[in-house]
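Enquirer: One structure, pasted below without further comment.
The values are calculated or read from the model by the stated rules, or taken from the named source; none is laboratory data. Just so we're clear, the structure is a prediction, and the values are computed from it rather than from any experiment. Note that we place each Cβ from the backbone using ideal geometry, even for glycine, and neighbour counts take in every protein chain shown. When the accessible area is computed, the model is the full protein with side chains, heavy atoms only, and any ligands, DNA or RNA have been set aside. Shrake-Rupley method; radii C 1.70, N 1.55, O 1.52, S 1.80 Å.
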Amino acid sequence: VLIAAWAAFWLVAGFPLITYHVLMSAVLIPLVAWRQPAVSAVLSRIRLPVPLRFIALAYAAVVAEETLVGTLAALLAEGDPAAWAPRVRQFITLNLFVFTGPILALALHARLCAPHRWEVLVMAGGWGLFAEAILQRMLTYPLLAGLLVWPTMVIYALIFLPATLSVAPDRGTRRPPLALRAILTWALAFAISIPVILTVEHLRSTRPGLFP
């Protein structure tokens, strides 16, 4: 079913978007499939408290991912190499703002609840469905939105993968039910995002060249 979803998504996606998904998957999925223990051991040795380590790695992943997005936007979508530097800067600036809510909320969740790694990735993917308006599109374009569910969740999970691997695996800690923790984490991310989005909108009106 998941392979069919990917195939259907690629049939309707443009070449830049397909290239983006291929490159993201080619770089990050092997970390899970082959090198997860080694990468996790390296990341967990970073001498920072768990929340700060999670936050630093999540922001670093956002910068790397948005560098890829800006590059593909300039070179493939626009076909203008001269637009590369401004596009990368715009995408990084925008997403350092908009990822603040989920990064801080998931970092707090990782610190307080010692979650399984897959739980963090599911929460990140679930937030992606809201942030990319996939859930809202379900009401008007259910088929198209349905094709975007799995790819969107995978990309958001991959963005948070390095931060997630830096947290020690769960050792049997008792935790509230996953559904409750997910709802509370998403609610906190949403609350943090409100002033952030208001700031972005203000900057869009006063400095329109700051964001894409």
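Enquirer: Kindly rank 147-154, 134-141 from highest to lowest mean number of other beta carbons found within 10 Å of each residue.
Expert: Averaged packing, sorted descending, gives the order 147-154, 134-141.
Enquirer: Where the accessible area of segment 104-212 is counted over protein heavy atoms with a 1.4 Å probe, how much of it, in %, is carbon and sulfur?
Expert: 72 percent
Enquirer: With only Lys, Arg, Asp and Glu charged, each at its Cβ (+1 for the first two, -1 for the last two), find how big the charge dipole of segment 40-199 is about the Cα centre; round to the nearest 20 debye.
Expert: Roughly 720 debye, rounded to the nearest 20.
Enquirer: If you don't mind, another one. What accessible area per residue comes out for segment 43-152, rounded to a whole number of Å², with a 1.4 Å probe?
Expert: Dividing the accessible area of segment 43-152 by its residue count gives 48 Å².
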